[in-house]
Each structure stands twice: as C-alpha cells, then as structure tokens.
Amino acid sequence: FYDYPTKKLNMIGITGTDGKTTVATIIHKLINDCAYIGTNGIYYSDHKEKTPNTTPALDKTYPLFVDMINKNIKTVSMEVSSEALLYERVKGITFDCAIITNITKEHLNTHKTLENYIDCKCELFRNTQGPCILNKDDEHYQEVLKNCHSKVYTYGSNIDNDLYFKDVELFADKTEFKIVYKNLEYKITSPLVAMFNVYNLCASLLALLSLGYDINELINNIKNLKISGRLESIDLGQNFKVIVDYAHTPNGINKLLEFIKSLKYNKLTIVFSEPGERDKSKRPDKGYNVITNCDYAIITSQDPRNEDPMDIANDLLTNVKEYNNYEIILDRSEAIKKAIYTANKNDIVLIIGKGSENYQILKDKIIEFCDIDEAKKHLNNLLQKIYRN
C-alpha cells in the first residue's frame with residue numbers, strides 16, 4: 001500500500017539497554033536530511049510529535065516514512081527497543097545499519113530471562129543488510145556478533161577496534177578525547193559529558209563513517225550537540241547545579257552517579273523513584289544504590305500506573321531501613337520543589353528517571369508533567385523570592 005518506503009530511506013536502527021536515545025539523537029543532529037524516531041518523539045523537517053512508545057508500530061511509522069520521502073528526508077535514525085522487536089513493531093523493515101550500545105539486565109518483567117532479552121536484541125542484527133556497529137567493550141559482544149550476517153565494525157577503548165578512543169578528559173561542561181580511525185588520529189571536544197557519552201558518540205560516528213559520511217564534517221558538527229533530558233543542566237543563574245537525566249536502569253544510574261561524583265560539590269540531593277507495573281525485583285537494589293551514593297534522597301512518584309506509589313517507595317527502601325538521609329514526597333512536583341528550595345551554594349540537585357518526558361501515567365490517565373519544566377518553574381519562583389527579599 002505504501003510502496004515499500006523504507007527501501008527508499010537509509011534506515012539506521014539503534015538498540016541497547018542504555019544510550020539508544022542519545023545515539024539516535026546524535027546521528028539525527030550530525031547529518032542533514034535525517035529523521036529521528038524514539039523516546040523523545042518523532043522529528044523531521046517541520047514535523048514534531050510525541051509517541052506513546054519508544055518504537056511506534058508499523059501502522060504509525062509507514063505513513064510517516066512516506067511523508068519523510070515527500071519532504072526529501074534521506075535517513076531515519078530510529079530507536080529499536082527490545083519490546084518493539086518482541087512485538088514485531090519493526091517486522092518487515094530491513095535496516096541499512098544497526099547499532100548496539102550495550103546490554104545489561106533489564107526488562108525481565110517482559111522477557112523473563114536475560115537470554116530471552118539478548119536474543120530479542122539480536123533480532124535487529126539478523127535483519128540488517130548493511131553495517132553492524134558493535135561495542136566490543138560490552139560483556140555480551142560475542143553473543144551479538146554471532147547474529148550478525150553482514151559486515152561488522154567495532155568501537156571501544158582498545159586498539160583492536162575499527163574505531164577506538166583514548167586520552168579521555170572529563171569536565172563538568174565538556175569532554176575531550178581522541179579517536180583513532182583507519183590509523184588516523186582526531187581530537188574531539190564534545191559538549192556531551194560523562195564517559196558513557198564517549199561510547200555513545202563513538203557508536204554514532206562509526207555508524208555514519210561506515211555509511212560513507214566524511215569524518216571531518218561529522219567532527220565539525222559535534223560542537224552543536226545537545227540531548228534534551230540527558231544530563232541537562234537547568235541554569236537560571238542560581239548558585240547551585242540542577243541536573244535532569246533520564247537514567248532509570250541500574251547500569252544507567254551507576255554510570256551517571258560515577259560521573260556526578262567526579263564533580264566538585266558540597267551536597268548531592270537526588271529525586272528519584274521507580275515506575276509501576278515493571279520489574280519489582282530491581283527496586284531494593286536501586287533504592288540502596290541511590291541512597292548510599294548521595295547526601296540526601298527524595299523518593300517520589302514516577303508513572304505508578306495502577307500500583308500504589310507508597311508501595312513502590314517502600315520497595316525502594318527495603319535495604320536502607322537503617323539510613324536516615326531520605327524522605328518520601330509522592331507528589332513529584334513537590335519533591336522537585338523541596339530539593340531545589342533546600343539547595344545551597346555549590347550543591348547539586350539531580351532529578352532522574354524521566355528526562356524530558358512530558359507526562360506521568362497515573363492509573364488509567366496520562367497527565368502532562370515534565371521534570372525540566374517543573375525544575376525551571378520552582379527555580380524561577382525561588383530566585384524571585386530571593387530577589388524580593
């Protein structure tokens with residue numbers, strides 16, 4: 001009916017436990033005539049819309065693909081979640097390039113076992129006719145490699161990769177490092193911070209290089225990168241940092257905290273929770289990990305769906321009953337307000353779990369809510385109050 005639109009587009013599929021949105025967005029922003037489909041919505045040309053799934057179903061994407069072609073879009077940078085692969089939301093799409101960021105234990109409420117989860121991720125590579133871009137530093141690299149039926153390119157920290165990085169210097173507002181590709185060395189200065197974004201950027205660059213893009217043009221465009229809701233600093237002139245991040249998986253939170261703790265600050269306050277009707281077994285470890293790695297934590301509500309938010313909060317507190325550096329404020333707006341209003345000079349307020357998402361799922365309804373907007377609102381009110389005094 002749609003005349004096979006994906007055959008007329010350069011389809012890049014990105015999967016992995018963490019980093020899909022960042023990699024897909026980097027690719028979208030590094031090249032021209034590129035559409036983005038993923039967690040943050042659908043963007044191309046003058047078209048912008050939100051989507052209920054990271055990877056929408058085919059009845060949603062196919063008319064969009066036709067519209068993209070009509071608007072001279074050449075490439076689609078598309079997040080491909082494990083659930084999308086399981087429920088066949090991309091069945092029939094043959095990708096011209098496939099990327100994997102990493103695989104850690106996640107979504108077992110859906111896949112039941114880690115083996116099932118990995119096999120689902122590998123489905124993307126079994127249906128890719130072009131380059132397969134693999135993270136050689138990931139512990140499940142070999143399992144993915146076995147499922148690749150076309151040319152494989154690898155990235156990582158060792159010299160046996162097609163593209164590798166070295167001499168990484170992490171700063172609060174930028175990252176400097178070198179990449180080596182085809183025996184040539186290039187210096188990178190990226191506005192994306194933290195070590196995990198070195199991997200995300202290398203994955204994006206290698207994918208585009210494997211498709212024939214010019215390395216110097218790509219590197220020149222890196223300075224313009226900004227990923228909404230990913231380590232996003234909210235700065236209205238206050239004397240402390242407010243950072244919003246999407247981190248919600250155990251690995252994602254670990255990597256985020258590793259970076260945050262490398263910064264200089266007086267006190268770290270984290271606002272966090274766990275979504276309802278998801279893998280409950282992760283909650284005790286998540287609560288312990290956050291609360292033992294910050295000065296103060298505020299446990300709140302995050303898409304509780306049909307679960308009682310207090311039950312979720314209590315699950316998060318299972319392994320930290322003897323600690324006293326936390327409180328529960330189930331109203332997410334009030335939790336963000338409390339964290340901001342109690343911050344002092346050189347403190348960090350870290351709000352995690354939702355990133356730039358603009359909704360909360362409560363029972364059978366979806367309400368408008370965005371951590372970034374809430375942080376700005378409360379910061380603005382605080383600064384006006386200080387100014388008036």
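Numbers below:
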quantity	calculated
Coil-residue trypsin sites (Lys or Arg not before Pro) of the stretch 4-54, DSSP, other Cβ within 10 Å capped at 16	K50
Net charge dipole size for the chain [Lys, Arg +1 and Asp, Glu -1 on Cβ; Debye, nearest 20]	660
Surface/4 estimate of mean projected area, convex hull on alpha-carbon atoms of the chain, nm²	19.6
Portion, in percent, of the accessible area of the chain that falls on carbon or sulfur, probe 1.4 Å	46
For I270, distant residues with modelled amide H under 5 Å away	Y296, A297, I298, L350
Farthest positive-ward along the chain dipole, Cα basis, beta-carbon charges - from G237, I367, T318	G237
Sequence ranges 74-86, 132-144, 171-183, ranked by mean other-Cβ count within 10 angstrom, highest first	74-86, 132-144, 171-183
Difference of contour (0.36 nm per residue) and Cα-Cα distance, N221 to K363	46.8 nm
Relative compactness, the stretch 154-282, computed as alpha-carbon Rg over 2.2 N^0.38 Å	1.20
Cα-projected label distance for D3 with D137, points at 7 Å along beta-carbon direction, nm	4.6
Principal-axis tilt of helix 195-210 within the chain, Cα atoms, nearest 10 degrees	20
Top of T269, T17, T51 by mean-square fluctuation, Gaussian network on the chain, Cα under 10 Å	T51
Accessible area in square angstrom per residue, the chain, 1.4 angstrom probe	45
Where no second cysteine Cβ lies under 4.7 Å, the cysteines concerned in the chain	C34, C97, C120, C122, C202, C294, C370
Kirkwood hydrodynamic radius of the stretch 250-389, from inverse mean 1/r over distinct Cα pairs, in Å	15.6
Degrees, to the nearest 10: 114-126 long Cα axis against longest axis of the chain	40
Nearest 10 degrees, 0 to 90: helix 20-30 Cα axis against the chain principal axis	60
R0 of 35 Å, Cβ-Cβ distance D311-T113: FRET efficiency to nearest 0.05	0.85
Estimated FRET transfer efficiency when R0 is 41 angstrom, pair L382-N70 (beta carbons, to 0.05)	0.30
Helical mean residue ellipticity (222 nm; -39500 (n - 2.57) per DSSP H run of 4+; nearest 500) of the chain	-10000 deg cm²/dmol
Over the chain, relative contact order from alpha-carbon pairs under 8 Å, at least 6 apart, %	13
Separation between Cα centres of the stretch 1-63 and the stretch 218-253, rounded to whole Å	21
Within the stretch 293-371, chymotrypsin sites (Phe, Trp or Tyr not before Pro) in DSSP loop having at most 13 other beta-carbon neighbours inside 10 Å	Y323
Computed E for E83/N325 - FRET, C-beta separation, R0 35 angstrom, nearest 0.05	0.50
Base-10 log of normalised Debye intensity for the stretch 155-212 (one unit scatterer per alpha-carbon) at q = 0.16, 0.26 Å⁻¹	-0.43, -1.09
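The values are calculated or read from the model by the stated rules, or taken from the named source; none is laboratory data. Since the model is a prediction, treat every value here as computed from it, not as a measurement. For neighbour counting, all protein chains shown are included, and Cβ atoms are generated from backbone atoms with ideal geometry for every residue, glycine included. In case anyone asks, the SASA skips ligands and DNA or RNA and just uses the protein heavy atoms, side chains included. Shrake-Rupley method; radii C 1.70, N 1.55, O 1.52, S 1.80 Å.
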